[in-house]
1. Can you give me the Cα centroid spacing of the stretch 50-124 and the stretch 242-270 in angstrom?
2. Ranking request for peptides 244-256, 79-91: highest mean number of other beta-carbon atoms within 10 Å first, then the rest in descending order.
3. In terms of modelled amide H atoms, which long-range or inter-chain residues lie less than 5 Å from the amide H of A292?
4. Accessible area per residue of the chain at 1.4 Å probe, in Å²?
5. What order, most packed first, do the peptides 16-27, 100-111 have when packing is the mean number of other Cβ atoms within 10 Å of each residue?
6. Given just the C-alpha atoms of the chain, how large is their convex hull per residue in cubic angstrom?
7. For the chain, what does the relative contact order come out to in percent, with C-alpha contacts under 8 Å and a separation of six or more?
8. How would you classify the stretch 98-184 from its alpha-carbon gyration tensor, with a ≥ b ≥ c the square roots of the eigenvalues: rounded for a/c under 1.5, else prolate if a/b is greater than b/c, otherwise oblate?
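The values are calculated or read from the model by the stated rules, or taken from the named source; none is laboratory data. Being a predicted model, the structure only gives us computed values, none of them experimental. Heads up, the Cβs are rebuilt from the backbone with ideal geometry, glycines too, and the neighbour counts pull from every protein chain shown. Surface accessibility is based on the protein's heavy atoms, side chains included, excluding ligands, DNA and RNA. Shrake-Rupley method; radii C 1.70, N 1.55, O 1.52, S 1.80 Å.
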Amino acid sequence: MALESRLVQLSSLGQKDKGPAFITLIHDVISRPNQAGVFEDLHQLIDFVLNQENIGLVVGRQVLSEFVKVLGEGRITDPELRKRVVKDAIDIAQPKIVSYEEQVGSLRFQLADILEEEEEWSEAARVLMGISLDSGQRSMQDSDKMQIYVRIVRLLLEDEDSVQAETYFNRAQLLVHSASDKEILLQFKLCQARISDYSRKFLEAASRYHELSYVAEIDEEERRHMLMAAVTCAVLAPAGPNRSRVLASLYRDERTVELPTFNILSKMFFDHILRSAEIKEFEATLKPHQLAKIAISSNDRLASATHDDDLTGSEPAVSTRTGPTTVLDRAVMEHNLLASSKIYNNITFRGLGALLDLAPGAAETMARKMIEQGRLRGSIDQVDRLIWFEGNREEDDAQGKAGGLGEVAETEDTGAPFTKRWDAQIRVTAANVESIVQHLTERGLVKTGTVHG
């Protein structure tokens, strides 16, 4: 008997017999050895049940619920056929979503699972977005809503769609109080770190990644990956006291020694100037969004314009670059500027430009911005074209107290900055000499004796 004739025959049964009859027919179609016409027959069956007025809403829900259950059990083994059947069922039921909201939601979850297995991340996210979470037809717990939002965010981030992911993350954030499942909360925190990363809030991202790298419930390999992400974000973060605190926290973490990025971490922590070979090696580990180009504003470009007619030819050659071109470029330049403040008392615009590979005016602009933002302590003498650096106690505090590398002793304020710096250099030299003598004494290379008067 043709399927169409059988459908008409079943529709003439009594209301209490229609449901079981159509359900039996679904099982018969799916159980066929030859799957050639299964898609067409299931399409015809579901369309008939949902759109024929004499079938009734109660029977329609009963049949569609069983259909969803059968698909969820994996009775259709061909993945491509199953995907087509699920998508088709959603298309048929969508116009009557008010009547079949729960069943359509279940079908969307199944389709999202299929697409996620195929690594169609954005498509899977769009399918989940189609689920109505605030409908008056059925009530959904806030924790379930949050779970869906977090899954959407995770899928969008896999395709690096951080803008739309942030929209759904903000919705999940409003419901985080309702979640008690540890796995969902961990996924939420990871999404939070990744969104900070994509939004170039690298300092915040580094702290969140580092925190997650300690969570025992996460797989060891994943924790190592998060620790490496924390180091990467810390390196890319704007130079200054806050970044120094994060770098200190990462440097004292014994696990970072095993990372391929430990070399650049240690150089940044100790305020060593970075060379181009080291930067290129680190650049190879970055993701596309971390290599994003950055635009130079017209004001900065104008401020970076310089005239060097009055400078002698014996000084370093002038670069024509008017500013950093990438996120990494900016991070390295700011770091090298901060590192140079630990080496020099002052530096000319031209000398700083040669160090940073920038035009003298652009080097001055970068230093000015860092001084304005409190990330660099110093002053600018535009008459003599000099940048004067001041002793940066905040950096010392960051590496000492916050970094756990020793207490920083408070020193008496003697007034003049150069006197303070001279005194500090004498203290450091004396401490180093004492350390060397102690080391030699422990090895028996130096004999100590009592001096008699």
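1. 51
2. The densest-packed peptide leads the list: 244-256, 79-91.
3. Those qualifying (amide H under 5 Å, at least 5 residues apart or on another chain) are V327.
4. That works out to 54 Å² for each residue.
5. Result, highest mean Cβ count within 10 Å first: 100-111, 16-27.
6. Spelled out: Cα convex hull of the chain, divided by residues, is 249 Å³.
7. That works out to 8 percent.
8. Oblate.
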